[in-house]
Amino acid sequence: MSDCLFCKIIAGEIPADIVYEDDKILVFKDIYPKADVHLLMVPKLHIESLAKLDQSHNDLMGYMMLKLPGLANDQGLTGGFRTIINTGKGSGQIIFHLHIHLLGGKNLPGF
Ligand code: AMP
Ligand code: ZN
């Protein structure tokens with residue numbers, strides 16, 4: 001997707017503070033952090049949102065979920081962490097490339 005910001009980050013065309021990368025996913029720091037730790041996990045495959053998933057994405061989504069606790073631990077979030085996935089304009093989604101927010105730290109506000 002040529003006009004997708006996160007695809008450009010994945011392609012290395014736009015810089016990001018990358019925390020983890022493998023063949024399926026990229027994890028980088030949110031540019032406007034809303035907590036002490038605020039990472040974004042994105043699949044390298046361009047998928048607009050949760051609403052566009054189908055059965056072919058089962059393994060990828062499971063893979064992403066299973067990676068989260070280890071990443072949180074690596075960030076020092078031993079006491080817990082929060083994950084958020086915004087889906088659609090009505091949720092506040094502004095980047096239409098599926099991403100999981102991983103948030104944590106001592107200043108995490110209530111939800
Ligand atoms: P969402 O509202 O769920 O679509 O979240 C998009 C997130 O992307 C927001 O938290 C933004 O702060 C973040 N963001 C926007 N541009 C960049 C960027 N260039 N690098 C890292 N994070 C970004
Ligand atoms: Zn994309």
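The values are calculated or read from the model by the stated rules, or taken from the named source; none is laboratory data. Keep in mind the model is a prediction, meaning the values are calculated, not measured. Please note: Cβ atoms are built from the backbone with ideal geometry, for glycine as well, and neighbour counts cover all protein chains shown. Please note that ligands, DNA and RNA were not included when accessible areas were found on the heavy atoms of the full protein model with its side chains. Shrake-Rupley method; radii C 1.70, N 1.55, O 1.52, S 1.80 Å.
Worth a mention:
- Condition broken by Phe28, with the remaining ones in (1) within 28 Å of Asn107 (Cα to Cα); (2) surrounded by 15 or more Cβ atoms within 10 Å (Cβ to Cβ); (3) over 13 Å from the mean Cα position of the chain (by Cα) satisfied: (3)
- Among the residues of segment 74-100, those that are closer than 30 Å to Ser2 by Cα, in contact with a strand residue (DSSP E or B) (Cβ under 7 Å, 6 or more places away or on another chain) and either surrounded by 18 or more Cβ atoms within 10 Å (Cβ to Cβ) or of a type in the set (Gly, Ala, Ser) (or both) comprise His97, Leu98, His99, Ile100.
- Every listed requirement among (1) within 14 Å of ligand 1 (Cβ to nearest atom); (2) in contact with a strand residue (DSSP E or B) (Cβ under 8 Å, 6 or more places away or on another chain); (3) in a helix (DSSP H, G or I) is met by His38 save one, (3).
- The set of residues in segment 101-111 being buried (at least 17 other Cβ atoms within 10 Å of the Cβ) and part of a loop (DSSP other than H, G, I, E, B) consists of Leu108 alone.
- Where a residue in segment 83-97 is among the hydrophobic types (A, V, I, L, M, F, W, C) and part of a loop (DSSP other than H, G, I, E, B) and its partner, wherever it lies, is open to solvent by 50 Å² or more (accessible area, probe 1.4 Å) and near ligand 1 (Cβ under 8 Å from one of its atoms), with Cβ under 6 Å and at least six apart: Ile95/Leu5
Residue-by-condition table, conditions (1) open to solvent by less than 80 Å² (accessible area, probe 1.4 Å); (2) not in a loop (DSSP other than H, G, I, E, B):
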residue: Asp3; (1), (2): no, no
residue: Tyr32; (1), (2): no, no
residue: Val42; (1), (2): yes, yes
residue: His46; (1), (2): yes, no
residue: Asn58; (1), (2): no, yes
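- Annotation: of all residues in segment 8-25 being away from ligand 1 (no atom under 12 Å from the Cβ) and touching a residue at least 12 places away in the same chain (Cβ under 8 Å), the one that is surrounded by the fewest Cβ atoms within 10 Å (Cβ to Cβ) is Asp23.
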